[in-house]
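All remarks here apply to the structure that follows.
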Amino acid sequence: MLRTTLLWLAAFFTLVLAVVLANQILQLSAFAAAIHPTFGQGVFWALVFVLALSFGVPLFLFLRLPRALRPPETEEGPEFERHLDDLRKRLGKNPRLKGVALTTREDMEAALQMLDAEATERARAAGSRAFITTAISQNGALDALVVLGLQARLIWDVARIYSQRPALGEMTYLYSNVMATAFITSEIDDAEIAEAMEPALSAVMGSAAGLVPGLQVASGIFVNSVLSGTANAFMTLRVGVIAIEYSRAWTRPNRRTLRRTAIVQAGGLLGGIVVSGAAKVSAALGRGLGKAATGAVSGTGRAVKGVVTGTGEQLGKVGRGLRDALGLGPLVEPGAGPGPMPDPVPEPDPGPGDGEEDGG
């Protein structure tokens, strides 16, 4: 029902676009014909040619794309044999497998394991980026966009590892199946996810309490960052594992079985990512706290100096006020030498009767 509805909508919009294009071509041709009739004919056929070329070339290239490689339901019957032949041809064109024998099914399995190693490393790198980015960001909406972008890029990278030029139909098949398997909420078992994440979290949570002695707030930030980063890294790894399994599958995977397999494998890849990522987050948090502590001590010192200086000035003002009120002389400033001596008081001149008495 949904497919039929989409087809009718596509036909409707195609018809509307064709009407609009035809109208614009006729208007431009009429404008050119007003200058000269021959010029109008030339503009009309030139526009028709350009539009036909623009539409025909992509259509031709799309029709020439190889058929999407989709595994059959079972390993029995001619359909599976055709799938093996197609897979052998695809692996033979992969430059990563240059010189690798692909004669038997065992040879093809060994070749796929070589590609598995590279694809797993891409998934591990994407999970590490998801951990660091979301652990530091702590922004729900932004984190969701970042993780979604990382997962979409991871699916594309995995597809290119197993097939150098994945067809449009194959990418549509891969994206739709990976997303359906990974994000159907009704099939997600929270207990299974928590059990898969528990070993990785236990490896780093013991160090959270001693991160900064006496600073419970810093430890709380560290724990929240690790939890957020671990959850997003785990979901990214699950997407990578599911994409790998779909890209290398001999038969069409069962979604429920593949979901459980992805949980187990993602949990196994998660440990190293969480340990290394938590160390980086801890170092960044320690540097931030060190700068904050240095700034706080420096600010406290400046504040104490300001208080002492202000108190000294206030005490000086009080002392000068008391001196003036008591009518005391000016105080000698500390460190100043003795001031100039006052002028001597002149002695009074003796009067006429104050001399020595005459003899006689």
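The values are calculated or read from the model by the stated rules, or taken from the named source; none is laboratory data. Because the structure is a prediction, the values reported are computed rather than measured. Glycine also receives a Cβ, built like all others from the backbone with ideal geometry; neighbour counts cover every protein chain displayed. Note: areas computed on protein heavy atoms with side chains; ligands, DNA, RNA excluded. Shrake-Rupley method; radii C 1.70, N 1.55, O 1.52, S 1.80 Å.
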What accessible area per residue, rounded to a whole number of Å², is obtained for segment 63-175 using a probe radius of 1.4 Å?
57 Å²
Positive end of the dipole of segment 30-152, charges at C-beta (+1 Lys, Arg; -1 Asp, Glu), about the Cα centre: which of L115, V146, L53 has its Cα farthest in that direction?
L53
What's the magnitude of the charge dipole for segment 2-115 around its Cα centre, counting Lys and Arg as +1 and Asp and Glu as -1 at the beta-carbon? Answer in Debye, nearest 20.
440 debye
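Counting heavy atoms of the protein chains only and a 1.4 Å probe, report the per residue accessible area for segment 1-59 as a whole number of Å².
Per residue, segment 1-59 has 84 Å² of solvent-accessible surface.
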Round to a whole number: what % of the accessible area of segment 1-61 belongs to carbon and sulfur, probe 1.4 Å?
83 percent
